[in-house]
Amino acid sequence: MNSLSGLLPVELVEKLNISPRFRGDQIFQWIHQKGVSEFEEMLNLPASFRERLTGEYSRVSSSTVETVQQDKDGTAKITIKLYDSAIVEAVLLEDESGRKTACVSSQVGCSLGCTFCRTATMGLLRNLSAGEIVEQVLHLKRQFGTIANVVFMGMGEPLLNLDEVSKAIEVLHHPDGHNIGMRKITISTSGIVSGIKRLADEGPHVRLALSLITADQQLREKLMPMAKTTPLDELQSALQYHQKQTGRRITLEYVLFHGINNRQEDLRALQRFIRSLKVLVNIIPWNPVEGLPYTEPQQSEVAAFTRTLEEAGITTSRRFRRGRGVNGACGQLAVPRNQQPQQPGTLGTISP
Ligand code: SAH
Ligand code: SF4
């Protein structure tokens, strides 16, 4: 697939077979720092070279923005068409001080089938390439301005596409480009133990968030089929190892349903799970997804569970219900299979 967006300066030099070598730095800066979309705009490159690039690649991005939807609360969702017509979504979140966070997808769909998540209803079509991941940030930057944070909380399981995700992070972190610090990048995982260990050993040492949902093994298996092959004690050891290697506090994402995972035993299980970990528990009221058998928690339930955790000495934070007007809130991202191509590209496998 023809995309230059996922390449570092030195790789651009190799791929384009160019000299002098500083041309690689120049192209990288045009793409990532200045965010240009046409090679013709790269004014410090010789005209003949710009023509060659346009001939070979036509435009900088291999993907195009299809729709932009903005919610009343400032959240925006864009749908992006990839080179093979597959469609992914990315979301822009803005905090009170105007700092912008890009919430990006790592796969088209997801294979893990969590019973509460809209992305799960699509199954997995394919993995995204590093370039396609970086292009989500580029598209958001062109629409809304400089991006301060990146969170891998869109469609897909980033630790099942770790090569491409790591590569994208390297590009986003590069000082001549977006220059986004490792602490400003978060990978959210449903709990892929091998991926957590690999991150600890090899990096990138970005922030880690785990979709814990509940620390009760039986209940977790009901809510997340993948939990059957990932016992909580293995997950706990992997998190301990990650924390030892990186020194980073881990965020536990606790999607709260009406009357399911806010029982006394959930609190006790959570206390056991975090005994030797430094964590922040992010309480996320479940966002409704049509056809799924859950009810959103009442405000009083959220408040009571938060209070219970705080009284037990557990640090919590509350994620705002943002982006619901555009189906851009957590777990609401999905582009149904009948709007996707029949035969998506070849990166990664297609789940049954
Ligand atoms: N696959 C990764 C990252 C993408 S999901 C993971 O599961 O962590 C991003 C977050 O949205 C996860 O924390 C997930 O638990 C949460 N989520 C999924 N469905 C949701 C829903 N309907 N309402 C609120 N949060 C949801
Ligand atoms: Fe996949 Fe994450 Fe959704 Fe589970 S919550 S189905 S792992 S995207």
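The values are calculated or read from the model by the stated rules, or taken from the named source; none is laboratory data. Please read all numbers here as calculations on a predicted model, not as lab measurements. Neighbour counts run over all protein chains shown; Cβ positions are idealised from the backbone, glycine included. All accessible areas refer to the heavy atoms of the entire protein, side chains included, with ligands and DNA or RNA removed. Shrake-Rupley method; radii C 1.70, N 1.55, O 1.52, S 1.80 Å.
A few comments on the model shown:
- Among the residues of the stretch 152-166, those that are touching a helix residue (DSSP H, G or I) at 6+ places or on another chain (Cβ under 6 Å) and closer than 14 Å to R198 by Cβ comprise P158, L159, L162, E164, V165.
- For G325: the one exception among (1) outside any helix (DSSP H, G or I); (2) at pLDDT below 95; (3) surrounded by 13 or more Cβ atoms within 10 Å (Cβ to Cβ): (1)
- Where a residue in the stretch 223-241 is under 21 Å from E202 (Cβ atoms) and its partner, wherever it lies, is of a type in the set (A, V, I, L, M, F, W, C) and surrounded by fewer than 17 Cβ atoms within 10 Å (Cβ to Cβ), with Cβ under 7 Å and at least six apart: L239/L277; Q240/L277
- Enumeration of residues in the stretch 182-211 that are open to solvent by 30 Å² or more (accessible area, probe 1.4 Å) and either assigned to a strand (DSSP E or B) or farther than 17 Å from S237 by Cβ (or both): M182, R183, K184, E202, H205, R207
- Scan the stretch 283-301 for residues that are surrounded by fewer than 19 Cβ atoms within 10 Å (Cβ to Cβ), touching a residue at least 24 places away in the same chain (Cβ under 8 Å) and not in a loop (DSSP other than H, G, I, E, B) and the total you get is 1.
- Against the test of being modelled with pLDDT of 95 or more and either within 16 Å of ligand 2 (Cβ to nearest atom) or farther than 26 Å from E38 by Cα (or both), the options L159, L138 yield a single qualifying residue, L159.
- The combined condition, being polar (S, T, N, Q) and surrounded by fewer than 14 Cβ atoms within 10 Å (Cβ to Cβ), is not fulfilled by Q245.
Per-residue answers, yes or no, for (1) more than 15 Å from ligand 1 (Cβ to nearest atom); (2) in a helix (DSSP H, G or I); (3) under 22 Å from T214 (Cβ atoms):
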site	(1), (2), (3)
T115	no, no, yes
E132	yes, yes, no
Q136	no, yes, no
H139	yes, yes, no
R142	yes, yes, no
G154	no, no, no
L159	no, yes, yes
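- Among the residues of the stretch 108-128, those that are in contact with a helix residue (DSSP H, G or I) (Cβ under 8 Å, 6 or more places away or on another chain) and either within 8 Å of ligand 2 (Cβ to nearest atom) or open to solvent by 10 Å² or more (accessible area, probe 1.4 Å) (or both) comprise C110, S111, L112, G113, C114, T115, F116, G123, N127.
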